[in-house]
1. For the modelled label position 7 Å from the Cα of residue A:75 along Cα-to-Cβ, which residues of segment A:20-34 have backbone nitrogen atoms closer than 12 Å?
2. Looking only at B:191, B:106, B:62, which one moves most when chain B is put into a Gaussian network model with springs between Cα atoms under 10 Å?
3. Just rank B:10, A:51, fewest to most, by other beta-carbon atoms within 10 angstrom.
4. Once you've got the GNM for chain A with C-alpha springs shorter than 10 Å, pick whichever of A:59, A:74, A:95 has the biggest mean-square fluctuation.
5. Compute the angle between helix A:193-202 and the longest alpha-carbon principal axis of chain A, please, reported from 0 to 90 degrees and rounded to the nearest 10.
6. Which value, in nm² and rounded to one decimal, describes the direction-averaged projected area of the C-alpha convex hull of the protein assembly as shown?
7. Can you give me the three principal axis dimensions of segment B:1-67 from its C-alpha atoms, in Å, biggest first?
8. Quick one: among B:171, B:79, B:91, which has the greatest mean-square fluctuation in a GNM of chain B with alpha-carbon springs under 10 angstrom?
DNA sequence: TTAGGTATCCCCCAAAGGGTGTATTTTTAA
DNA sequence: TTAAAAATACACCCTTTGGGGGATACCTAA
């Protein structure tokens, strides 16, 4: 049986180096390349498709979430494992929603990485224990929360736009934006803009 | 000449592994150990003091900034290099103010890490180019900006307090708090609460 | 002694936020 | 597939907060 071909995308050279070392002695896993940004990754896989991509979620320019989506659309045969420093629900959720098969935290050890790669290459999913716990904890309280529109408006608020500005940007009436803002605050149980922004940043929806 | 003894503190195993690999073939650098949190690090150096510690800035429990401070107080002979994902002024500043001799971003390559270790071991300082640029850009505009009172009020705003609430908490009149809020916004050239909170968080003054 | 930080007040209007109601579309579940 | 539920869009009410401007005065550290 041919080895599982793995590709790494991470803007931190140290992490690439670390993973490379950890995979070095695995006979059934072969690291076929690495990239430090989304575009280099796309260029590479145009010529050669790995079985599994280990992909950092937070990268300059194009994020891992976007890259994951594109890769999965173009090459459904490539499985993606998200890599992240943050054990944050929104990230995990975003990756899984965009076609990722797994999620690892960067403090994962050798054993966990290898297990994840094997599982994912077989078409299974693998989410690291801690991440899975987060997913479970937040599943009920966080997922049903904000609608697409509310999310969108929250992002624009966090960008510093006022309700009138948002209204004109989205071609909505001020009342509508007003209502959305109020209802998202009610849902999140937040009573002013300051805490709203903190929420948005802490849940990574800037 | 005996090799430079290096210790790594980072909560991400991949990063430790990556640095270890990069330092492997350096004859004049010896990696004597690693830890994944501040306390393990302190335990280790009680018995054996490295020449240089590579220290992640954001760690659970005790941050790198605090650890750096303690290490430098107890063992002035140990030089510290801060390691971080974020090229953020406040972090770099905080590390340097607490006795760090250097600052590296996690996308540093082998050459840069080795240079940094050598420089720092000699008692010099080493700040990665990008970080140095950030430091330079922010130096003039950030330091003289806010007064103690304005800082205090900004923190309270970020905690979600309204002006009236801040006034009663600080035993000030609403007008005073109002004035402070306005003048700090004028100084920072920020026009609404949303951006103000982002500023506060991004500059680590939550 | 002079500038800057602090504290106080005024006016004014725009924006935020709390409430309630309604109509249309889209989603989801029975 | 159809009925219920949720999302979206809009409106009007009203009060509080935010934010732009200008003015005055005290205190303290260069």
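We did not get these values from a lab; they are worked out from the coordinates using the rules stated. Computed from a predicted model, the values in this text were never measured in an experiment. Cβ sites come from the backbone with ideal geometry, for glycine too, and all protein chains shown count toward neighbours.
1. Output list for this probe position: A:32-34.
2. B:191
3. Fewest-to-most Cβ neighbours within 10 Å comes out as A:51, B:10.
4. Maximum among the listed residues: A:74.
5. Taking Cα atoms only, the helix is inclined about 10 degrees.
6. On the way: hull surface 92.6 nm².
In nm², the orientation-averaged hull projection of the protein assembly as shown is 23.1.
7. 36, 25, 15
8. Highest fluctuation among the options: B:171.
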